[in-house]
Amino acid sequence: MADPILEVHDLRVTFDTEGGLVPAVDGIDFAVAPGKTLAIVGESGSGKSVSSAAVMGILPSNAEVKGEVLLDGRELVGLPDDELRKIRGNDIALVFQDALSALNPYYTVGWQVAEAYRLHHAVSKKAAFKRAVELLDKVGIPDAARRAKSYPHEFSGGMRQRVVIAMALVNNPRVLIADEPTTALDVTVQAQIMQLLADVQEEFGTALVLISHDLGVVAEVADDVLVMYAGRAAERGTVRDLFYRAAHPYSLGLLGAMPRIDVPPKPRLTTIPGSPPSPGSIKTGCPFQPRCAYTERVGERCITERPELTPRPGEGDHEAACHLGRRPEVVS
Amino acid sequence: MPGLVWFVIRRLFSALLVMLALSLAVYLVFYAIPTDPALLACGKPCTPDRLEQARHFMQLDQSTMQQYLNFLKGIVAGRSYGEGAAVLHCDAPCFGYSFPLARPVSTLIADRFPVTASIALGAAVLWLVIGVSLGVLAALNRGRLLDRLAVGFALIGVSTPSFLFGLLAILVFGFWLNMVPVNGYVPLTESPVDWAWHLVTPWLVLAVLQASSYIRLTRAQMLEELNLDHITTARAKGAGERRVVVTHGLRGALVPIITLFGLDLGGLLGGAILTEKVFSMQGLGDLLIDSVGNLDVAVVVGVTLFAAFLVILANLVVDIVHGALDPRVSHG
Ligand SMILES: Nc1ncnc2c1ncn2[C@@H]1O[C@H](COP(=O)(O)OP(=O)(O)OP(=O)(O)O)[C@@H](O)[C@H]1O
Ligand SMILES: [Mg+2]
């Protein structure tokens, strides 16, 4: 792999809440190289959004972040806020899931995109607005010069997501983190947005961290995949490692839960029984154990010993955190 | 725009109906009181003959309903009292004539309004600035000392009667410290410096008391606003903390604050009764209280209607401003 632009080592995020300490992210590693796409998948609450907010340094003040976040080799964790501010939106930009709530209802979309530009460039408001119109046009908003003067609520969901993407791209960031950028959209619009991101990546060599629930999208656009479960990495590897050689029962469960058009539909969609544990509630053993179909085959270890990431056969750094040594055959 | 014009016309029309109903109510209430305003005008010794004359001159010998109709007619066409050499004209629009003060009601209101307006406007600017800044600071320091102090200050403010606070202020700053004049009003046109100097204590007294509700409202609104997703977007763009709080946070909190402000100001412009009494300033509130004592129904009706008109006007302005401040609201 080419030298990564963004590297994350042993990232840990703990929230200090009234109910005690919540370890939302419990030691994850990932890296992404320019022009490449890393997908982070996992059920709701597995810590995907918290991880991306930690990378951006925009977590609330009750969060404690540990570990390393390296942007082009430069450590971001612990950097003073005014230093981080120069990086946010400039070198690393974020695309949010819900474009309606991510945009400020009181300002025109042109103003908001221009603001993102002005925050990192000493230009006149007029020049920034021109740049905003340029970007809005680029992300495919028809009649951008006129539409730039409209407010977020005057746009459709798909167009709003384009606005958010324009806002993220206006400073040509080196890393783009897209947190479920298409979940709120219907299928055809989803495809258009993903195409737009792919085009941008190709043109500017942007590294993309794509957080997604949609394994279909992941299969199509990702180079590498990180599967998260309860704040930890369950499995990581290339996209082919994951789709052809998944080693963690949880990954297999996710794959089984994905509707496929290349195989005849089963009477019912497979889902993983049970629900993910709340962060920190499982102190010993494998966090996935209560829902795992393979526990009996492995035995005691799943309950007493927490599995670490260990190498698995595959294309490169394929790793999974499971006591099952070889690839489990699918049980149904 | 035509939508807005229609909106204003509709609202003014309903305002007219409200004021008609209100004026009728004041008439009916006033004539239900078993006292005779003519007694005051009749002089001493008051023979039954002269009393009858006075009642006839003041048109009190007519039925309540007839008097009310005379009042309405006077607004449109003017009216006159008595006949022959003693005739008294009140030109249209005639809102009644005060016999005790020997002036048309409209002249009285025009004389007194600048005093009340001076008190109200100056105080309003102060309480808005104090209330909003303390509210924002409290929200930003939630749970900390500054927050507690601001909330405590607000609590004292709402629970202290204005006359008590006003008298204390006069005692301390006027008499003990001898810093400011203790009473009286100097017109702005006469001497702007003396005008402000005489008003500074009533301004501060009113502002400190009124600021309470603005502190609480601003604090609550800001806490809500700062939790919204688009605030995170602003941070992710690289906006500094002040920009996040003011440009993005306060902007959203503005609508309810401005709404409360418009209504408070509208109410106060109709007469700051206690403040005017305490500081011996002859404003509308002072006029109203004296007229109630004099059984001067014409003035009571006139001032009440004027105050009601200001409140209705404030509502209308607030609604229009609301539309201008929130792009999602449209009048139609
Ligand atoms: N401010 C916070 N205070 C306390 N706990 C938090 C906070 N923010 C997130 N968490 C917890 O961190 C965990 C991970 O949340 P996160 O939002 O990262 O999940 P996610 O993987 O993005 O889920 P989804 O797919 O639903 O977006 C959750 O259990 C959540 O309750
Ligand atoms: Mg999320």
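Side notes on the structure shown:
- Residues in segment B:282-303 that are within 19 Å of the chain's Cα centre (by Cα) and open to solvent by less than 40 Å² (accessible area, probe 1.4 Å): B:G283, B:L284, B:G285, B:D286, B:L287, B:L288, B:S291, B:V299, B:V300, B:V301, B:G302, B:V303.
- Beta carbons closer than 6 Å, at least 6 apart along the sequence or on distinct chains, pair a first residue in segment A:159-176 that is at positive phi with a second that is in a helix (DSSP H, G or I) and open to solvent by 10 Å² or more (accessible area, probe 1.4 Å) for A:N172/A:F204.
- Residue within segment B:239-254 that is within 14 Å of chain A (Cβ to nearest Cβ) and touching a strand residue (DSSP E or B) at 6+ places or on another chain (Cβ under 9 Å) present: yes
One line per residue, one yes/no per condition, for (1) under 21 Å from B:L269 (Cβ atoms); (2) without any contact (Cβ under 8 Å) to a residue 40 or more places away in the chain; (3) not β-branched (V, I, T):
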| site | (1), (2), (3) |
| --- | --- |
| B:G84 | no, yes, yes |
| B:G96 | yes, no, yes |
| B:P100 | no, no, yes |
| B:L108 | yes, no, yes |
| B:G122 | yes, no, yes |
| B:V136 | no, no, no |
| B:R142 | no, no, yes |
| B:V172 | no, yes, no |
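- The set of residues in segment A:37-91 being assigned to a strand (DSSP E or B) and either within 13 Å of ligand 2 (Cβ to nearest atom) or within 13 Å of the chain's Cα centre (by Cα) (or both) consists of A:T37, A:L38, A:A39, A:I40, A:V41.
- Test: residue in segment B:237-251 that is open to solvent by less than 10 Å² (accessible area, probe 1.4 Å) and farther than 30 Å from A:V113 by Cβ: no
- Filtered residue count, segment B:17-41, keeping only those that are at pLDDT 85 or above and β-branched (V, I, T): 1
- Only residues that are open to solvent by 60 Å² or more (accessible area, probe 1.4 Å), within 14 Å of chain B (Cβ to nearest Cβ) and either more than 24 Å from A:Q201 (Cα to Cα) or part of a helix (DSSP H, G or I) (or both) were counted across segment A:119-166, and they come to 6.
- Pairs, first without any contact (Cβ under 8 Å) to a residue 24 or more places away in the chain in segment B:305-327, second not charged (D, E, K, R), C-beta under 6 Å, six or more apart: B:P327/A:Y151
- Flag for A:A63 being within 14 Å of ligand 1 (Cβ to nearest atom) and either away from chain B (no Cβ under 14 Å) or of a type in the set (G, A, S) (or both): yes
- Set A:A184, A:A166, A:A178: member being of a type in the set (G, A, S), within 16 Å of ligand 1 (Cβ to nearest atom) and within 25 Å of A:P34 (Cα to Cα): A:A178
- Residue match in segment B:177-193 (condition: open to solvent by 30 Å² or more (accessible area, probe 1.4 Å), within 18 Å of B:V125 (Cα to Cα) and part of a helix (DSSP H, G or I)): yes
- Residue satisfying condition, being assigned by TED's automatic domain parsing to the domain that holds B:G122, in contact with a Gly (Cβ under 7 Å, 6 or more places away or on another chain) and at pLDDT below 90, within set B:E276, B:E190: B:E276
- Test: A:G20 is within 13 Å of ligand 1 (Cβ to nearest atom) and open to solvent by less than 40 Å² (accessible area, probe 1.4 Å): yes
- Test for A:L208: is it away from ligand 2 (no atom under 16 Å from the Cβ) and assigned to a strand (DSSP E or B): yes
- The set of residues in segment A:23-56 being more than 10 Å from ligand 1 (Cβ to nearest atom) and within 14 Å of another protein chain (Cβ to nearest Cβ) consists of A:V55, A:M56.
- Candidates A:V209, A:V227: the one that is within 16 Å of ligand 1 (Cβ to nearest atom) and within 14 Å of chain B (Cβ to nearest Cβ) is A:V209.
The values are calculated or read from the model by the stated rules, or taken from the named source; none is laboratory data. It should be emphasised that the depicted structure is a prediction, and the values quoted were computed from it without experimental measurement. Positions of Cβ are backbone-derived with ideal geometry, glycine not excepted, and every protein chain shown enters the neighbour counts. Side chains included, ligands, DNA and RNA excluded: accessible areas come from the protein's heavy atoms. Shrake-Rupley method; radii C 1.70, N 1.55, O 1.52, S 1.80 Å.
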